[in-house]
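*Asks:* One structure coming up, written as structure tokens, with questions to follow.
None of the figures in this text is laboratory data; all of them are computed from the coordinates on show. What you see is a predicted model, and the numbers here were worked out from it, not measured in a lab. Because the Cβ atoms are built from the backbone with ideal geometry, glycine has one as well, and the counts that use them run over all protein chains shown.
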Amino acid sequence: ASQFGMNEALEKLGIKTINEGTSTGLQNFSSGEILESYSPVDGKLIASVKMSTAQDYEKVMQAATEAFKTFRLIPAPQRGEIVRQFGQKLRENKEALGKLVSYEMGKSLQEGYGEVQEMIDICDFAVGLSRQLHGLTMHSERPGHRMYEQYHSLGVVGIISAFNFPVAVWSWNTALAWISGDVCVWKPSEKTPLCGIACQNIIAQVIKENNLPEGISCLINGDYKIGELMTADTRIPLVSATGSTRMGKIVAQTVAGRLGKSLLELGGNNAIIVTPDADIKMTVIGAVFGAVGTAGQRCTSTRRLIIHESIYDKVKDALVAAYKQLRIGNPLDENNHVGPLIDTHAVEMYAVALNKVVAEGGKILVEGGVLSGDGYESGCYVKPAIAEAQNSFAIVQHETFAPVLYLIKYSGEVDNAIEIQNGVGQGLSSAIMTNNLREAERFLSVVGSDCGIANVNIGTSGAEIGGAFGGEKETGGGRESGSDAWKIYMRRQTNTINYTTSLPLAQGIKFDL
Ligand code: UN1
């Protein structure tokens, strides 16, 4: 990694040999065991992190609740100015942070930079939004009364994020939470703790330079036990969690058990429908990027292609030819398309999926396999694979976080393809490739895709931050990022004001004393 300037990047981001895993940005509280972070790129130790105990968590929560008391009093546009400065710092650190994301997580350098760009974009979005936290005004049914609603700061927002977007998902939450006047407690994935430390070091500079209340940004590196403390904690009105459906169900139940709010971004099983009117060249680019980008570890990764029988062979041949062009290797080397999986456990799950699809009667079209030898020493590099399958296969119904693409044939009308597309438990992202207006509009209509994201002539991944991001069914129903996703970070209050000398009751009720 040193030939790619990794040492300089780590230094710029303030990553030391051993790092404090629990901090408020200004103070450190870690007293737990040491977690070592190894890179899936070359299998080498990057650095270590002191993990958190329940006592450390308590200290952080005290700092966060204390910070909230003053932070909520800072006017929203001034909070926006803080987020603007954070965005500026991210611009200055884009190269270093993008490299660390690529090295610790394994995604291609381009995608590492892209992830930091998403952080910068959400900061810009949030800055504008800080002057637009609008409520409505209503006409009261009573004379001399005025009604309106306002949005107030909510409190401490708990963020539990996944390894695959180790920095951007945090920023989607924090940027909106901060302009809302909330403070954040973040538990990053144990697989990417250094990305968390780097982000915290960046925001810590902003906190210091602006004399902000300590604790508006809290980091807590710990295992699932810390997650359990967060979900059960009544001091955290909103828990935003990204990860597996299995994890999301546990979070949802615990948070609902205390009637807190949760924002869930869980698994996807995203498909592209390819109709007879599709542009095949565009389809291939969209499908291949969707399936192998981030080595198939995006929640928006393309997992299924639902192809009309009349063009099936043509699309299949084009895909097989495209897969032959893929260069797999060190993601820091911009000549490579596909980097490693996050760890060897993910490699096992990938192998299991390929065995299962064959056992269920599928046919391998592009052979998979684990790569070994020069450059592949970490044991995390796999060949992107394609299999012909049925939508009903158990393995096709399951989200495997790896570059395995299933081809499914449909015949007849587009409705048949939509039925297959909707015929899975998850509901995150979906797409149709077609130049036929009727098919496209049908796909976007109420009888079309049941997903939170539905695209026409675009793949399933790579959403922009301006739209609300999230999905239905087992994906958890949460919406992050753009549009009016900010509302979940605030509490709504309806206010009715009487400026007369009498007290008429609503609904015309008479109550005279
Ligand atoms: C995720 O995989 O958790 O739409 C997020 C995309 C990215 C975000 C993915 N903007 O692919």
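*Asks:* Wrap a convex hull around the Cα atoms of the stretch 65-160, take a quarter of its surface area, and give that in square nanometres.
*Replies:* Quarter of the Cα hull surface area: 9.1 nm².
*Asks:* Here is a further query. Using R₀ = 56 Å, calculate the FRET efficiency as 1/(1 + (r/R₀)^6) where r is the Cβ-Cβ separation of residue 285 and residue 492; round to 0.05. It would help to have the intermediate numbers written out before the result.
*Replies:* Details: r = 43 Å, r/R0 = 0.77.
Between residue 285 and residue 492 the formula returns 0.85.
*Asks:* OK, next. Find which of 80, 70, 328 sits farthest along the positive direction of the dipole of the chain, computed with +1 on the beta-carbon of Lys and Arg, -1 on that of Asp and Glu, about the Cα centre.
*Replies:* 70
*Asks:* Rounded to the nearest 0.05, what FRET efficiency do residue 70 and residue 314 give with R0 = 56 Å and r taken as the Cβ-Cβ distance? Could you check?
*Replies:* My answer for the efficiency is 0.35.
*Asks:* Let me ask another. Longest exposed-loop-site-free stretch of the chain, with chymotrypsin sites (Phe, Trp or Tyr not before Pro), DSSP loop and at most 11 other Cβ within 10 Å?
*Replies:* The segment 1-498 is the longest one with no such site.
*Asks:* I'd like the trypsin sites (Lys or Arg not before Pro) in the stretch 408-513 restricted to DSSP loop residues with at most 14 other Cβ atoms within 10 Å, sorted by number.
*Replies:* Within the stretch 408-513, the qualifying trypsin sites (Lys or Arg not before Pro) (loop, at most 14 other Cβ atoms within 10 Å) are 510.
*Asks:* Still on this model: State the number of lysine pairs found in the stretch 149-278 whose Cα atoms come within less than 20 Å, restricting to pairs 8 or more positions apart or on distinct chains.
*Replies:* Count of close lysine pairs: 7.
*Asks:* So what's the projected area for the stretch 459-513, the Cα convex hull averaged over all directions, in nm²?
*Replies:* 7.9
*Asks:* Per 5 Å bin, what percent of the C-alpha pairs of the stretch 160-311 does each bin hold, from zero upward?
*Replies:* Going from the shortest bin to the longest, the percentages are 2, 8, 15, 17, 16, 12, 9, 8, 6, 4, 2, 1, 0.
*Asks:* Taking the Cα-to-Cβ direction at residue 223 and at residue 38 and moving 7 Å from each Cα, how far apart do the two end points lie in nm?
*Replies:* For the pair residue 223/residue 38, the computed spacing is 1.7 nm.
*Asks:* Taking the Cα-to-Cβ direction at residue 445 and at residue 326 and moving 7 Å from each Cα, how far apart do the two end points lie in nm?
*Replies:* 3.6
*Asks:* Over the Cα atoms of the stretch 1-54, what Rg and Dmax result, in angstrom?
*Replies:* Both quantities, over Cα of the stretch 1-54: 12.6, 40 Å.
*Asks:* Something else now. Amide H to amide H under 5 Å from residue 307: which residues, 5+ apart in sequence or cross-chain, H placed 1.01 Å off N in plane?
*Replies:* Correct list: 274, 408, 409, 410.
*Asks:* Using a 10 Å cut-off around each Cβ, can you sort 61, 282 from fewest to most neighbouring Cβ atoms?
*Replies:* With the fewest neighbours first, 61, 282 line up as 282, 61.
*Asks:* Let me ask another. Taking the Cα centre as origin and putting +1 on Lys and Arg beta-carbons and -1 on Asp and Glu beta-carbons, what dipole magnitude results for the stretch 174-311, to the nearest 20 debye? Mind showing how you got there, number by number?
*Replies:* Numbers: 13 positive and 11 negative charges, 60 e Å.
Charge dipole of the stretch 174-311: 280 debye, to the nearest 20.
*Asks:* How large is the charge dipole for the stretch 48-206, taken about the Cα centre, if only the Cβ atoms of Lys, Arg (+1) and Asp, Glu (-1) carry charge, to the nearest 20 debye?
*Replies:* So the dipole magnitude of the stretch 48-206 works out to roughly 280 debye.
*Asks:* Can you give the relative contact order of the chain as a percent, counting alpha carbon pairs under 8 Å and 6+ residues apart? Show your work: numbers first, answer last.
*Replies:* Numbers: 1193 pairs, mean separation 90.8, N = 513.
The normalised contact order for the chain reaches 18 percent.
*Asks:* Could you let me know the centre-to-centre spacing of the stretch 382-430 and the stretch 319-355, using Cα atoms, in angstrom?
*Replies:* Their Cα centres are 19 Å away from one another.
*Asks:* What base-10 log of the normalised intensity I(q)/I(0) is obtained for the stretch 294-391 from the Debye formula, alpha carbons as equal point scatterers, at q = 0.12, 0.16, 0.19 Å⁻¹?
*Replies:* Those come out to -0.42, -0.75, -1.03, one per q.
*Asks:* Using only Cα atoms and rounding to the nearest 10 degrees, what angle (0 to 90) does helix 193-209 make with the longest principal axis of the chain?
*Replies:* So the inclination is approximately 30 degrees.
*Asks:* Over 23 Å apart: what share of the alpha carbon pairs of the stretch 104-232 falls there, rounded to a whole percent?
*Replies:* 41
*Asks:* Also, quick follow-up: Compute the angle between helix 344-359 and the longest alpha-carbon principal axis of the chain, please, reported from 0 to 90 degrees and rounded to the nearest 10.
*Replies:* Its long axis makes an angle of about 60 degrees.
*Asks:* Let me ask something additional. Between residue 364 and residue 208, how high is the FRET efficiency from 1/(1 + (r/R0)^6) when r is the Cβ-Cβ distance and R₀ = 45 Å? Nearest 0.05.
*Replies:* The formula returns an efficiency of 0.25 here.
*Asks:* Output the Kirkwood hydrodynamic radius of the stretch 353-507, Cα pairs only, in Å rounded to one decimal.
*Replies:* One decimal place: 19.3 Å for the Kirkwood radius.
*Asks:* Mind putting together the pair-distance distribution for the chain? All Cα pairs, 10 Å bins, whole percent per bin, short to long.
*Replies:* In order of increasing distance, the bins hold 4, 19, 27, 24, 15, 7, 2, 1, 0, 0 percent.
*Asks:* Which of the GluC sites (Glu not before Pro) found in the stretch 119-209 are in a DSSP loop and have at most 14 neighbouring Cβ atoms, other than their own, within 10 Å?
*Replies:* Hits after loop and neighbour filter: 141.
*Asks:* Taking Cα atoms of the stretch 243-368, Rg/Rh with Kirkwood Rh, to two decimals?
*Replies:* Using only Cα positions, Rg/Rh for the stretch 243-368 is 1.04.
*Asks:* Give me the distance between the Cα centres of the stretch 116-173 and the stretch 34-48, rounded to whole Å.
*Replies:* Comparing the Cα centres of the stretch 116-173 and the stretch 34-48, I get a distance of 36 Å.
*Asks:* Using DSSP to call loops (not H, G, I, E or B), can you name the GluC sites (Glu not before Pro) in the stretch 318-365 whose Cβ has at most 16 other Cβ atoms within 10 angstrom?
*Replies:* Answer in residue order: 334, 360.
*Asks:* With a bin width of 10 angstrom, please list the P(r) values of the stretch 96-148 as percents of all Cα-Cα pairs, from the 0 bin to the one holding the largest distance.
*Replies:* 22, 23, 17, 15, 10, 10, 2
*Asks:* Report the dimensions of the stretch 271-317 along its three principal axes from the alpha-carbon atoms, largest first, rounded to Å.
*Replies:* Cα extents, longest axis first: 31, 16, 16 Å.
*Asks:* Under a crude label model (7 Å from the Cα following the beta-carbon direction), how far is residue 250 from residue 132 in nanometres?
*Replies:* That separation, rounded to one decimal, is 3.9 nm.
*Asks:* Using 0.36 nm per residue of separation minus the Cα-Cα distance, give me the extension gain between residue 55 and residue 464 in nm, one decimal.
*Replies:* Result for the pair: 143.3 nm of gain on full extension.
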